[in-house]
Structures are given as structure tokens and as C-alpha cells.
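K.L.:
Have a look at this one before I ask anything.
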Amino acid sequence: MTITLEIPQELEQQLSGEAETNNLPLSEYILQILFTRQVVNNSPKTGAELVNYWQKEGLINSRPYIKDSQEYATKIRYKAEHRQHL
């Protein structure tokens, strides 16, 4: 579907700048914004809804190499605390 829309020049410049920052064509960036509004308007209200959302988006178990998340987090924290500063 094609929609023609007149928007204020200031808004066009703002959106064009954001699209350029994200290395996207303006039309694709605007589509991305429109799709994201669904998430914002229907954001999870409970922990269970959040987990369901994460499952639907494929985020849960997306890193099968992590067997124990607590142990993995501890290792990351240790590395961060003991890294060499230049």
C-alpha cells in the first residue's frame, strides 16, 4: 500500500536525520517507527506477559551455549571488574 502524507518540514528533517543515523532509507525508518508503536501501545503489564513476549520474539533460549545463566553472569561481572585499563 502506498500512502502520501504531508508532514511539516521540521519533522521531515528530524526523521531524515534519524534515518541517516540508523543507515536506513527514510521510508524504511518510518515503517520501523510504525511497527514499534505496536510494542509501545501493547507493552507487557506483568512478568508472565513479558516472558510470553520474549518467547514470541525468540529471545528466550537464544543463546544455547549458556547452560547456567547465573554462572555466566558471574563470569562476565568478574571479567569486567578485572579488565586492564589503558
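The values are calculated or read from the model by the stated rules, or taken from the named source; none is laboratory data. Keep in mind the model is a prediction, meaning the values are calculated, not measured. Neighbour counts are summed over all protein chains in view; Cβ atoms, including those assigned to glycine, are modelled from backbone coordinates with ideal geometry.
K.L.:
Is it the case, given these coordinates, that residue 28 is among the acidic types (Asp, Glu) and in contact with a helix residue (DSSP H, G or I) (Cβ under 9 Å, 6 or more places away or on another chain)?
P.N.:
For residue 28, the condition - among the acidic types (Asp, Glu) and in contact with a helix residue (DSSP H, G or I) (Cβ under 9 Å, 6 or more places away or on another chain) - is met.
K.L.:
Next question. Among the candidates 38, 55, 14, which residue alone is under 16 Å from the mean Cα position of the chain (by Cα), surrounded by 11 or more Cβ atoms within 10 Å (Cβ to Cβ) and not hydrophobic (A, V, I, L, M, F, W, C)?
P.N.:
The unique qualifying residue is 55.
K.L.:
Which number in (1) assigned to a loop (DSSP other than H, G, I, E, B); (2) polar (S, T, N, Q); (3) modelled with pLDDT of 90 or more marks the one condition that residue 61 misses?
P.N.:
(3)
K.L.:
Still on this structure, please answer the following. Please indicate, with yes or no, whether at least one residue in the range 62-83 is surrounded by 10 or more Cβ atoms within 10 Å (Cβ to Cβ) and under 23 Å from residue 36 (Cα atoms).
P.N.:
No: zero hits.
K.L.:
Here is a further query. With (1) loosely packed, with under 12 Cβ neighbours inside 10 Å; (2) at pLDDT below 90; (3) part of a helix (DSSP H, G or I) as the list, and residue 43 as the residue in question, which single condition is left unmet?
P.N.:
Residue 43 satisfies all of (1) loosely packed, with under 12 Cβ neighbours inside 10 Å; (2) at pLDDT below 90; (3) part of a helix (DSSP H, G or I) except (3).
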